[in-house]
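Enquirer: Handing you a structure now.
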Amino acid sequence: MKHKYLLLMLLATAVAASAAEPIMVGHRGSDIGIESSRCALEVGAQRGYAFLESDVRVAGDGTFVLSHDETTERLGSGLTVNQSTAAALLADTLRQKRCDVPYTGFMATLGDMLDVCKEYGVRPLIELKWADGINSKDTSGIPALIDFITAKGMRDKCMILTSMKPCLEYIREHYPDVELQLLVQTKVDENFDFCNKHRMGIDIHHSAVTPEVVERFHAAGLPVNVWCVNTPEDRARFTAMGVDYITTDRLIP
């Protein structure tokens with residue numbers, strides 16, 4: 001009985017080891033420096049992430065900037081992104097403690113992100129946040145975004161991610177060559193048909209990813225991304241499930 005148990009353990013280890021390694025995505029660049037700052041992005045690229053992920057909003061002057069929140073309040077300041085010029089946002093000193101390490105730094109632009117990606121041979125994963133002209137009620141600003149990415153020579157390298165379905169539908173209809181992912185928290189089953197219809201991957205919070213979910217999407221030929229995974233144990237677990245992408249703050253590829 002003991003030998004049988006040992007054999008089963010060895011077989012399980014071998015299966016996990018033989019699973020294809022997921023593509024690693026640096027969440028907001030990395031966990032070094034202010035989130036989504038040029039420093040965080042460069043560290044992520046130097047670590048060897050295949051993708052760098054960041055949230056994109058539109059400043060008051062139309063500049064595409066990297067910001068998860070509508071304001072800079074969480075980062076020790078008080079500017080509202082869509083009411084401030086890029087010059088004001090980029091000059092504003094930001095402060096953030098990450099893994100008990102305090103950092104100061106500055107906001108970056110989408111142009112900075114694409115430049116870092118191009119320099120290091122990394123792909124950008126651009127997460128669209130609610131912004132003027134880029135939201136669930138108004139998609140009129142999306143052509144300017146795609147034109148900007150195209151002018152930077154990164155249209156064939158970028159992947160666009162958002163929870164705003166009208167934005168994804170607009171991009172799929174007008175720019176069918178652009179890779180897309182739908183961002184969800186835990187509502188996976190009810191979003192399968194949407195992903196399948198529009199032929200796009202899904203990015204799921206780690207708490208909702210199961211082997212059955214991965215199998216269902218793979219059977220339809222659709223990739224699965226999981227966020228945010230920050231422990232070796234979770235990385236091994238999701239690798240064994242066969243997920244295609246792992247978005248992380250700190251795991252090393």
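The values are calculated or read from the model by the stated rules, or taken from the named source; none is laboratory data. Please read all numbers here as calculations on a predicted model, not as lab measurements. Quick reminder, even Gly has a Cβ in these numbers, built from the backbone with ideal geometry, and neighbours come from all protein chains shown. These area figures cover heavy atoms from the full protein model, side chains too; ligands, DNA and RNA do not enter into them. Shrake-Rupley method; radii C 1.70, N 1.55, O 1.52, S 1.80 Å.
Enquirer: How many of the residues in segment 60-91 are modelled with pLDDT under 95 and among the hydroxyl-bearing types (S, T, Y)?
Expert: Number of matching residues: 1.
Enquirer: Right, T63: in contact with a Gly (Cβ under 9 Å, 6 or more places away or on another chain) and among the β-branched types (V, I, T) or not?
Expert: Values: in contact with a Gly (Cβ under 9 Å, 6 or more places away or on another chain): yes; among the β-branched types (V, I, T): yes.
In short, yes.
So that you can scan it fast, the table gives a plain yes or no per residue for (1) touching a strand residue (DSSP E or B) at 6+ places or on another chain (Cβ under 9 Å); (2) touching a residue at least 24 places away in the same chain (Cβ under 8 Å); (3) open to solvent by 30 Å² or more (accessible area, probe 1.4 Å):
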position: G76; (1), (2), (3): yes, no, yes
position: T109; (1), (2), (3): yes, yes, no
position: C117; (1), (2), (3): yes, yes, no
position: R123; (1), (2), (3): yes, yes, yes
position: S136; (1), (2), (3): no, yes, yes
position: C167; (1), (2), (3): yes, yes, no
position: L182; (1), (2), (3): yes, no, no
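Enquirer: Determine if segment 217-224 includes at least one residue that is buried (at least 16 other Cβ atoms within 10 Å of the Cβ), at pLDDT 95 or above and more than 14 Å from I23 (Cα to Cα).
Expert: yes
Enquirer: So, in segment 184-198, exactly how many residues are closer than 20 Å to E53 by Cβ and either in contact (Cβ under 8 Å) with a residue 12 or more places away in the chain or open to solvent by 80 Å² or more (accessible area, probe 1.4 Å) (or both)?
Expert: Filtering segment 184-198 for residues closer than 20 Å to E53 by Cβ gives 184-186, 188, 191, 195.
Now restrict to residues that are either in contact (Cβ under 8 Å) with a residue 12 or more places away in the chain or open to solvent by 80 Å² or more (accessible area, probe 1.4 Å) (or both): 184-186, 188, 195.
Number of matching residues: 5.
Enquirer: Another question about this same structure. Would you be able to tell me the number of residues in segment 59-86 that are of a type outside the set (G, A, S) and in a helix (DSSP H, G or I)?
Expert: Step one: filter segment 59-86 for residues of a type outside the set (G, A, S), giving 61, 63-66, 68-75, 79-83, 85.
Okay, now just the ones that are also in a helix (DSSP H, G or I), so 73-75, 81-83.
Final tally of qualifying residues: 6.
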